[in-house]
Amino acid sequence: MKTGYGPTLQRLITDYQQDVGLTVTGEADAATFASLHGGRVASQNSPGKVTADSFPPATVDLG
């Protein structure tokens, strides 16, 4: 892939695109920018599991 970016930035963009499941272009295209701006994370639409095993947290002695 030939872009106007240096090799380090292009690798970072490519890695990000792979990590969040975007089409890997190696360029900061509209989909990549929207994903960065919106805070996309991998598997964000997959159901998760929330537990309260460690809640409330232990008290902290500030004295």
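The values are calculated or read from the model by the stated rules, or taken from the named source; none is laboratory data. Quick caveat, the model's predicted, so the values are computed rather than measured. Note: ideal-geometry Cβ built from the backbone for every residue, glycine included; neighbour counts use all protein chains shown. Ligands, DNA and RNA are excluded from the accessible area calculation, which covers all protein heavy atoms including side chains. Shrake-Rupley method; radii C 1.70, N 1.55, O 1.52, S 1.80 Å.
A few remarks follow.
- Selected residue (criterion: modelled with the lowest pLDDT) from residues of segment 43-63 that are within 30 Å of residue 9 (Cα to Cα) and among the hydroxyl-bearing types (Ser, Thr, Tyr): 43
- Criterion (surrounded by 11 or more Cβ atoms within 10 Å (Cβ to Cβ), modelled with pLDDT of 90 or more and of a type in the set (D, E, K, R)) met by exactly one of 40, 11: 11
- Residue that is modelled with the highest pLDDT, among those in segment 14-37 that are of a type in the set (Gly, Ala, Ser) and open to solvent by less than 40 Å² (accessible area, probe 1.4 Å): 26
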